[in-house]
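Each remark here refers to the structure printed beneath this line.
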């Protein structure tokens with residue numbers, strides 16, 4: 001049984017057995033949940049399908065959320081990519097479009113998979129689905145990479161937090177980006193150690209990011225932070241796959257995130273009292289919505 | 001915790017606590033009321049009261065009362081559905097410093113005028129805690145098969161009910177007994193590892209002085 005107290009421990013165990021992190025996690029979870037591996041795989045495959053459906057729906061949607069604050073931006077991004085106006089390359093632009101799409105579907109009360117939360121639900125699928133499309137990868141490999149994301153996510157949840165109310169946005173969009181980065185590395189053939197470095201590098205880039213939702217809604221800045229989280233994941237994965245290492249080991253980065261989250265004032269942890277939520281425009285929006 | 005707590009649940013957005021959790025509170029209220037109520041009044045506290053329109057907390061609670069699960073895509077249309085199905089509803093913003101910031105108090109009335117009160121709090125990640133049934137303060141989360149057994153506060157009642165469970169080979173995962181005052185209204189909340197069938201509920205109700213018992217199936 002694995003305790004999920006350390007990502008390095010996952011990496012070491014995977015290395016020792018000559019397996020990918022995903023295989024190790026799937027085997028362990030099947031044992032812990034007393035269910036066959038096939039059943040867990042099927043359940044994860046169903047989640048991937050919901051993710052793909054949400055992306056497809058959001059990419060063409062024009063409707064707005066109940067508050068009117070979000071909806072339609074993914075469509076703009078997609079049209080821009082389709083028109084060949086990508087500034088930073090097709091993979092990144094497509095990833096951004098999907099991240100916006102899924103986050104907008106969430107804001108509009110559509111069906112999503114919390115990954116690890118509803119507020120950060122666009123990051124992991126945007127990265128993995130885009131890599132799948134661009135590299136013609138099998139569904140099976142993408143499903144497996146979700147077990148890597150989940151395994152690392154369990155360590156983050158146990159040793160720090162995946163809740164904005166507890167640890168700020170670093171714990172939600174930061175964790176999602178870190179999980180996506182590791183899954184992307186595995187998907188593109190990187191080693192378990194590279195997955196850990198990618199996870200560390202993604203998390204390091206957003207340490208201290210606060211959770212300051214306008215009017216307390218999972219919309220502004222959450223939807224666009226899904227896009228930046230997905231980009232962050234691709235950056236970290238790209239660096240790790242090039243052989244770049246994180247100087248601070250991943251488990252220590254997670255410890256730092258926990259300490260930062262604890263030190264963060266309450267006004268910046270999902271209470272909508274500080275940060276962007278406390279700007280004149282946000283306060284006006286909040287007044288208009290509450291009316 | 002397992003992998004599906006991290007990649008999952010599959011749910012309708014936008015918020016696990018304000019939407020998915022709210023559906024579950026509504027669902028428990030439906031079970032306790034014994035089906036779809038004729039009319040409900042829902043009091044919202046704290047963050048639920050502040051942000052319910054933007055998070056669709058109102059639609060979510062109504063959806064739960066109509067029997068939907070947190071991943072049902074009809075949640076966003078639940079208010080219209082409730083009107084079609086003849087369930088009247090009213091929302092009120094309330095204040096109470098004592099309760100968790102994401103709390104709803106649901107007062108339901110059935111066709112015969114019988115009133116049921118359920119109060120629940122959404123405590124994060126879509127998980128909930130039920131903290132009041134009618135006039136009695138309780139605590140359970142809907143993860144197990146849960147039996148609510150109201151009874152008079154007299155000796156032997158608990159033994160009689162638990163013996164019935166033992167006879168059927170049902171293991172009690174957790175059990176608590178609550179009462180309004182000594183010798184007054186009381187309630188057993190029994191969470192079990194195995195599925196509880198309807199016949200067992202009838203047997204429990206046949207025990208002397210046990211009033212209408214309620215069986216709640218796991219909501220996760």
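Read-outs throughout are calculated quantities, based only on the coordinates presented, and are distinct from any laboratory measurement. Keep in mind the model is a prediction, meaning the values are calculated, not measured. Glycine also receives a Cβ, built like all others from the backbone with ideal geometry; neighbour counts cover every protein chain displayed.
General remarks:
- Computed from the C-beta positions of residue A:56 and residue B:85, the FRET efficiency with R₀ = 22 Å rounds to 0.10.
- Rounded is the label for the range B:1-153, because a/c, from the alpha-carbon gyration tensor with a ≥ b ≥ c as root eigenvalues, stays below 1.5.
- Calculated Rg and Dmax of the range A:159-218 using C-alpha coordinates, Å: 12.9, 43
- Whole-angstrom gap from the range A:193-268 to the range B:1-30, using each part's C-alpha centre: 24 Å
- With R₀ set to 22 Å, the beta-carbon distance separating residue A:39 from residue B:171 gives a calculated FRET efficiency near 0.40.
- The ratio of the alpha-carbon radius of gyration of the protein assembly as shown to the globular-protein estimate 2.2 N^0.38 Å is 1.01.
- Based on the Stokes-Einstein relation at 10 °C and a viscosity of 1.306 mPa s, and on the Kirkwood radius from alpha carbon pairs, the range A:1-113 is assigned a translational diffusion coefficient of 95 µm²/s.
- Averaging Cα coordinates gives a centre for the range B:95-120 and one for the range A:78-132; these two points are 39 Å apart.
- Here is how the number arises for chain B: DSSP H runs of 4 or more residues each give -39500 (n - 2.57), the sum is divided by the residue count, and the result at 222 nm is -8000 deg cm²/dmol.
- Extension gain for residue A:15-residue A:133 works out to 39.6 nm (0.36 nm per residue, less the C-alpha to C-alpha distance).
- Per residue, the average separation of C-alpha pairs within less than 8 Å and at least 6 apart gives the range B:118-220 a relative contact order of 32 percent.
- Among A:144, B:87, the ranking by other beta carbons within 10 Å of each residue's beta carbon, starting with the fewest, stands as B:87, A:144.
- Debye log10 I(q)/I(0) for the range B:51-109, one point scatterer per Cα, at q = 0.16, 0.19 Å⁻¹: -0.53, -0.73
- Chain A, relative contact order [Cα under 8 Å, separation at least 6], %: 20 percent
- Antiparallel bridge percentage (DSSP; both residues within chain B; nearest 5): 90 percent
- Other protein chain C-beta atoms within 10 Å of residue C-beta, averaged over A:43-50: 3.
- Hull shadow area, averaged, the range A:131-283 [alpha-carbon convex hull, nm²]: 8.9 nm²
- Rounded, prolate or oblate (a/c below 1.5 giving rounded, otherwise prolate when a/b exceeds b/c) for the range A:97-179 by Cα gyration tensor: oblate
- Estimated from helical segments only, the mean residue ellipticity of chain A at 222 nm is -20500 deg cm²/dmol, where each DSSP H run of four or more residues counts as -39500 (n - 2.57).
- Cβ-Cβ FRET estimate between residue B:162 and residue A:247, R0 fixed at 60 Å, reported to 0.05: 0.55
- P(r) tail for the range B:168-220: Cα pairs beyond 18 Å make up 37% of the total.
- Among the residues of A:212-223, the average count of other protein chain beta-carbon atoms within 10 Å of the residue beta-carbon is 3.
- Within 10 Å of each Cβ in A:110-123, the average number of Cβ atoms from other chains: 6
- Overall form of the range B:1-76 per C-alpha gyration tensor (a/c, 1.5; a/b vs b/c): oblate
- Sequence of B:92, A:159 once ranked by neighbouring C-beta atoms within 10 Å, starting from the fewest: B:92, A:159
- Over chain B, relative contact order from alpha-carbon pairs under 8 Å, at least 6 apart, %: 21 percent
- Alpha-carbon Debye profile of the range A:218-291, log10 I(q)/I(0) at 0.28 Å⁻¹: -1.21
- In plain terms, the residue of B:220, A:4, B:144 with the fewest other Cβ atoms within 10 Å comes first and the most crowded comes last, giving B:220, B:144, A:4.
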